[in-house]
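See below for the structure under consideration.
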Amino acid sequence: MNQIFEEENHVYQFDFSKANWAINSLHDVFSHNIVSILSDVDFIAETDNCLILVEYKNSIIPGAVNPEAFNLQSQKLQNKIAYKFYDSWIYLKAIGKEKPLKYVFIVESPHSDLVMRKMLRDKISNLLPFKLQSSPEIKCKIIEGFDVLSINEWNTHDVYKNFPITSIE
């Protein structure tokens with residue numbers, strides 16, 4: 001099964017060949033089954049230790065799809081990134097995937113410097129279930145971690161570098 005996926009602008013590819021399992025078609029699953037209120041992450045990859053949920057946005061490439069969606073300080077955008085985690089989590093639970101979840105938002109934009117990525121990480125983290133899972137009545141860990149990274153940071157990360165993002169020639 002091919003586990004090398006192109007992002008929507010067909011400029012970069014994500015190589016999940018080393019993953020135990022990967023999917024890039026969750027949107028198609030949701031649309032086909034008429035659950036259009038659900039919002040999905042772009043990619044999910046399973047390793048021996050965890051599931052990595054990946055949302056990718058890039059407005060600095062020529063002809064970027066929907067570049068107006070890149071107001072990184074927009075609460076609407078931040079909410080949408082969080083919703084994508086929750087809705088994708090529903091799918092993973094439904095198919096019996098029970099490994100710890102790591103969520104990564106890869107963002108490339110003229111305004112996505114290190115300071116902005118850290119601000120985004122903090123704001124979106126507050127929308128994710130980190131505090132909820134610390135409640136005594138919650139018996140399972142819902143999310144293990146959340147990162148906001150550039151492509152370069154992804155490609156040099158200890159774990160994520162095993163799934164390189166490269167330009168499509």
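With respect to being in a loop (DSSP other than H, G, I, E, B) and surrounded by 18 or more Cβ atoms within 10 Å (Cβ to Cβ), Ala64 fits the description. Looking at this structure, is Asn71 open to solvent by 80 Å² or more (accessible area, probe 1.4 Å) and part of a helix (DSSP H, G or I)? The answer is no for Asn71.
Within region 83-110, being out of contact with any strand residue (DSSP E or B) (no Cβ under 9 Å at 6 or more places or on another chain), in a helix (DSSP H, G or I) and among the small types (Gly, Ala, Ser) holds for one residue alone: Ala94. Right, Ile138: among the β-branched types (Val, Ile, Thr), surrounded by fewer than 18 Cβ atoms within 10 Å (Cβ to Cβ), at negative phi and not in a helix (DSSP H, G or I) or not? Judged against the criteria, Ile138 is a match.
Comparison of Lys102, Lys139, Lys76 shows that the only residue that is among the basic types (Lys, Arg) and within 16 Å of the chain's Cα centre (by Cα) is Lys102. Exactly one residue among Phe30, Phe85 is at pLDDT below 95 and among the aromatic types (Phe, Trp, Tyr), and that residue is Phe30. In this structure, does Gln78 turn out to be open to solvent by less than 30 Å² (accessible area, probe 1.4 Å), of a type outside the set (A, V, I, L, M) and more than 17 Å from Glu7 (Cα to Cα)? For Gln78, the condition - open to solvent by less than 30 Å² (accessible area, probe 1.4 Å), of a type outside the set (A, V, I, L, M) and more than 17 Å from Glu7 (Cα to Cα) - is met. If you go through region 3-27 and keep only what is touching a helix residue (DSSP H, G or I) at 6+ places or on another chain (Cβ under 8 Å) and aromatic (Phe, Trp, Tyr), you end up with just Tyr12.
A count restricted to region 90-99 and to residues that are open to solvent by 70 Å² or more (accessible area, probe 1.4 Å) and either in contact (Cβ under 8 Å) with a residue 12 or more places away in the chain or small (Gly, Ala, Ser) (or both) stands at 2.
Just checking, does region 6-27 include any residue being among the hydroxyl-bearing types (Ser, Thr, Tyr) and either at pLDDT 95 or above or touching a strand residue (DSSP E or B) at 6+ places or on another chain (Cβ under 8 Å) (or both)? Checked against the condition, which is being among the hydroxyl-bearing types (Ser, Thr, Tyr) and either at pLDDT 95 or above or touching a strand residue (DSSP E or B) at 6+ places or on another chain (Cβ under 8 Å) (or both), region 6-27 yields at least one hit.
Going through Ile143, Ile124 one at a time, which residue ends up being modelled with pLDDT of 95 or more, in contact with a strand residue (DSSP E or B) (Cβ under 8 Å, 6 or more places away or on another chain) and either assigned to a loop (DSSP other than H, G, I, E, B) or surrounded by fewer than 15 Cβ atoms within 10 Å (Cβ to Cβ) (or both)?
Of Ile143, Ile124, the one residue that is modelled with pLDDT of 95 or more, in contact with a strand residue (DSSP E or B) (Cβ under 8 Å, 6 or more places away or on another chain) and either assigned to a loop (DSSP other than H, G, I, E, B) or surrounded by fewer than 15 Cβ atoms within 10 Å (Cβ to Cβ) (or both) is Ile143.
The values are calculated or read from the model by the stated rules, or taken from the named source; none is laboratory data. What you are looking at is a predicted structure, and each value in this text was computed from that prediction instead of being measured. Neighbour counts are summed over all protein chains in view; Cβ atoms, including those assigned to glycine, are modelled from backbone coordinates with ideal geometry. Heads up: the accessible areas ignore ligands, DNA and RNA and are worked out on the full protein's heavy atoms, side chains in. Shrake-Rupley method; radii C 1.70, N 1.55, O 1.52, S 1.80 Å.
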